[in-house]
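Student: Have a look at the structure that comes next, please.
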Amino acid sequence: MVACQTMVSHIGSHVDSTTNKVAEQQQGIHTVGEVTRTPTEHTLANFCLKNLWCHKLRSLGWSERTVKQFMHCWAVSTISQYNRYIDKFRDFCLQNSVDFPPSAEDTSVVANFMCFIADSSQRPESQLRTTSAALSCMYDGLGLSSPSQSVEIKRLQTALVKSGTTVPAVRTRSMPATPFYELFKKWPDNEKLTLKQLRLKAITLLALVFMARPSDLAPRGHRFDKDLECSSLIVFSTNNVEFHDDGSCTVRFFGIKNDTSRSGFEVRIPGATDHKLNVVQCLQSYLDCTTVYSRGYLPHQYSLLYMHLFEQSNLTLLRRYLGKLYNL
């Protein structure tokens, strides 16, 4: 069951009590006097990190602008992943008739949950690390110390990894690049390709040359507009690409996964002697063909649509296509 009486978090007085009460009701967090209690069973659907942290920061008197921008300290994918593990923890507590969230001083529930998580994997280290981070984020949002960071739980994690790992790590088989090159050599020159073929060729060659993730070419980072108080995706624009007279090209990466400090970095690539495999010429041809659509950006309706497919399928479609051609 869910016991609202056992888990409390003391917070300061509200800047605007009326506004905050409305926000709390929408978020499923109930306040009695100066005591904030955890959600009741009918509001558990709203129990997520965003609501938890927004409520905490508003209770501290933070403005809406600072609350919104604060949430960008985590990637959207990270928040989503943490919420999944928190949902698992909530379900685990309900199934075992334990109050959710358990008291910060009670490590026994978290210990049992860690064992539950470890039992579901042959190599539990990654899942245990994510579980610990997710629970810490949740308890921080409640203004409490996290049981997952206690010495006992940390040592339990070590024990679960050592004794619960049943299979060794296996290196993932890499996709061979040769079939791509052979395929593109059979295609006509860039000028004779359809826009769809040219897009496929340009993005594939870029990914191979830079050893790039799909999100490197279609960044997931956000830029916050302080005037509108909203965020928008960082776009890989034509300003990020510079062509040189010697046939080489410089690409500036900014706002990608590992660029947490937003310093950005540049990579210069030379032109290839084989014009059908020359990524610089291919990219130039693609930009020339799509100038009418781009307005300064690598065309969203083409490149980002394809990159979404490229990422979500994890190259599955390309593997199947090349597999049929080359019996991979």
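Since every read-out is calculated from the coordinates, none of them should be taken as a lab result. Since the structure is predicted, the reported quantities are computational estimates derived from the model, not experimental observations. Positions of Cβ are generated from backbone atoms using ideal geometry, with glycine treated the same way; all protein chains shown enter the neighbour counts.
Student: When the chain is fully extended, how far beyond the present Cα-Cα distance does Lys154 get from Thr273, taking 0.36 nm per residue of separation?
Tutor: 37.3 nm
Student: Now, a different point. Quick check: from the Cα gyration tensor, does segment 179-227 come out rounded (a/c under 1.5), prolate or oblate?
Tutor: oblate
Student: Any idea which of Phe89, Ile79, Phe100 is furthest toward the positive side of the dipole for segment 73-114, if Lys and Arg beta-carbons carry +1 and Asp and Glu beta-carbons -1?
Tutor: Checking the options against the dipole of segment 73-114, the answer is Ile79.
Student: Let a ≥ b ≥ c be the square roots of the eigenvalues of the Cα gyration tensor of segment 72-125; is it rounded (a/c under 1.5), or, if not, prolate (a/b larger than b/c) or oblate?
Tutor: The shape class here is oblate.
Student: So for the pair Lys50, Leu228, with labels modelled 7 Å out along Cα→Cβ, what separation do we get in nm?
Tutor: 1.7 nm
Student: How long is the gain from Ser108 to Ala169 if the chain were fully straight, where each residue apart is worth 0.36 nm and the alpha carbon distance is subtracted?
Tutor: 19.0 nm
Student: For Gly221, enumerate residues with amide H under 5 Å from its amide H, sequence gap 5+ or separate chain, H modeled in the peptide plane.
Tutor: For Gly221, whose amide H was placed from the backbone, the distant partners under 5 Å are Ile234.
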